[in-house]
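Right, one structure below, let's go through it.
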Amino acid sequence: MDINEIKNLKGRRKITMLTAYDYPIAELVDRAGIDMILVGDSLANVVLGLDSTTKVGMPEMLHHAKAVRRAVKNALLIADMPYESYQLNPEDSVKNAKRFINEAGAQAVKLEWFERCLEVTEKITSEGIPVMGHIGLTPQTVDKIGGFKVQGKDAAAAQRLIEQAIELEKKGCFAIVLECVPDKISGLISSKIRIPTIGIGAGVHCDGQVLVIHDMLGLFSRYTPKFVKKYADLSPLITKAVEDFRNEVVQEKFPSEQYSFSIKEEEFKKLNGI
Ligand code: KIV
């Protein structure tokens, strides 16, 4: 998938996106035919056990983006720019975006809305780097938007989201994530811009949908937002497998002959007396 193929899907069929942070999961997601894979900064929460996405930086994001790149053959690969790389240091944003493209092999970067978002987006897109915007609930600046809450719930707030989306399109974004936005407002935004909207907790009227892979596979239980649908519940399966392993080792049932290597008896006999 390339940027134009993704843009051309708007109005034709819904676009699919999932996060991935490592080689084996990225390989499975790609093989299943997902259009876009995001190495999200949700890495902080669901993989690294941190309490805020602002706590991951360039080293962690590059490390995981490189692993995902090795697996992905078809999907468009997008790297999430971490807080420090463009919000804390806007003057370094182009340099950091280039690192995701040149070092990690990402095809695009994603930025969350913040007060200098339009300026930074323009700088990056003018260097020929595709940018995905992200408006609504923006976890990197959650303290500035009243917490983890649905955004755009009154007319004035919804109007601001519409304006942000229109401005991001003008600055060259190829798609925009809408997070935790009322479904009718997502529909309105989607109808007012020509680039695809990708929703998470933003209803059915978006041009596509994204979920965090650990949420939809039931691998993350610290909290589960209302918008998460668990398509599988892998945690009990993993716990059961680990318990079975533990019990079989303690009971000396594992490893049986099937999982062991042997030596010819005459060779073994030569060791008698050693
Ligand atoms: O980091 C992430 O996983 C994201 C998605 C929720 C869109 O930004």
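The values are calculated or read from the model by the stated rules, or taken from the named source; none is laboratory data. Because the structure is a prediction, the values reported are computed rather than measured. Here the Cβ is made from the backbone with ideal geometry for all residues, glycine too, and neighbour counts use every protein chain on show. The area values use the complete protein model at the heavy-atom level, side chains included, leaving out ligands, DNA and RNA. Shrake-Rupley method; radii C 1.70, N 1.55, O 1.52, S 1.80 Å.
If the condition is being within 39 Å of the chain's Cα centre (by Cα) and part of a helix (DSSP H, G or I), then the range 251-274 contributes only 259. For the range 116-129, residues that are open to solvent by 20 Å² or more (accessible area, probe 1.4 Å) and either at pLDDT below 95 or within 16 Å of the ligand (Cβ to nearest atom) (or both) total 0. If you check 135, 129, 166 for being of a type in the set (A, V, I, L, M) and in a helix (DSSP H, G or I), only one passes: 166. Restricted to the range 131-173, and to residues there that are touching a residue at least 12 places away in the same chain (Cβ under 8 Å) and on the phi > 0 side of the Ramachandran plot, the residue that is surrounded by the fewest Cβ atoms within 10 Å (Cβ to Cβ) is 172. Here residue 226 fulfils each of the conditions (1) surrounded by 10 or more Cβ atoms within 10 Å (Cβ to Cβ); (2) within 16 Å of the ligand (Cβ to nearest atom) apart from (1).
Candidates are the residues of the range 101-115 that are more than 14 Å from the ligand (Cβ to nearest atom) and not aliphatic (A, V, I, L, M); the one that is nearest to residue 52 (Cα to Cα) is 115. Within the range 177-189, being in a helix (DSSP H, G or I) and either open to solvent by 40 Å² or more (accessible area, probe 1.4 Å) or within 16 Å of the ligand (Cβ to nearest atom) (or both) holds for 183, 184, 186, 188, 189. Of all the helices (runs of 4 or more DSSP H) wholly in the range 1-111, which have at least 1 residues that are surrounded by fewer than 16 Cβ atoms within 10 Å (Cβ to Cβ)? Fully inside the range 1-111 and qualifying: 3-9, 23-31, 58-71, 93-102. May I ask you to verify whether residue 198 is closer than 21 Å to residue 110 by Cα, of a type outside the set (Gly, Ala, Ser) and away from the ligand (no atom under 16 Å from the Cβ)? The answer is no for residue 198.
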